[in-house]
1. Using the per-residue mean of other Cβ atoms lying within 10 Å as a proxy for protection, in what order, highest first, do the peptides 21-33, 54-66, 107-119 fall?
2. Simple spin-label model, 7 Å along Cα-to-Cβ: A8 to F31 in nm?
3. Mind ranking T95, T82 by accessible surface for me, highest first, 1.4 Å probe?
4. So how much slack lies between A39 and A51, counting 0.36 nm per residue of separation and subtracting their Cα-Cα distance, in nm?
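The values are calculated or read from the model by the stated rules, or taken from the named source; none is laboratory data. Treat the numbers as computed from the prediction; the structure is a model and nothing was measured. Here Cβ is always computed from backbone atoms with ideal geometry, including for glycine, and neighbour counts include all displayed protein chains. In case anyone asks, the SASA skips ligands and DNA or RNA and just uses the protein heavy atoms, side chains included. Shrake-Rupley method; radii C 1.70, N 1.55, O 1.52, S 1.80 Å.
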Amino acid sequence: RVDGVIEADVAIAGAGLGGLALSAALRRRGFRVVVLERAAAARYTSQGTIALWPNGLAALEAAGGARLPAAVSKRGVAVEATEILNCGLHGSESTRRIEVGPHGVSAFFIPWAKVQQEL
């Protein structure tokens with residue numbers, strides 16, 4: 001900040017998952033980034049829990065290196081096996097097993113606030 005002006009190469013509107021992940025990826029590549037958020041403060045208690053599936057963990061790794069998936073694995077709850085049950089209109093059911101991803105689990109469940117803090 002110089003004379004009240006923020007110096008940055010990139011300004012990102014919104015401190016949601018997409019904005020924070022983009023910020024981490026750009027900073028990792030040497031850009032000066034500012035994230036602009038309308039809320040005056042982070043709301044760590046009302047955001048709920050999110051599930052990060054293998055592709056989400058891979059996206060975090062692409063954005064911030066191996067540190068982000070490692071931090072999530074320490075702060076979240078690992079799900080080793082996942083089956084999804086689909087109920088059809090006529091009562092038929094099918095299941096789909098989610099295979100273990102590259103981080104050794106099928107998903108991590110983690111409070112959004114913890115992901116936000118890591119990003």
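1. Values: 21-33: 15.1, 54-66: 16.7, 107-119: 18.6.
The packing order, highest mean first, is 107-119, 54-66, 21-33.
2. The two pseudo-label positions are separated by 1.0 nm.
3. Largest to smallest exposure gives the sequence T95, T82.
4. Numbers: separation 12, 0.36 × 12 = 4.32 nm, distance 2.38 nm.
My answer for the length gained is 1.9 nm.
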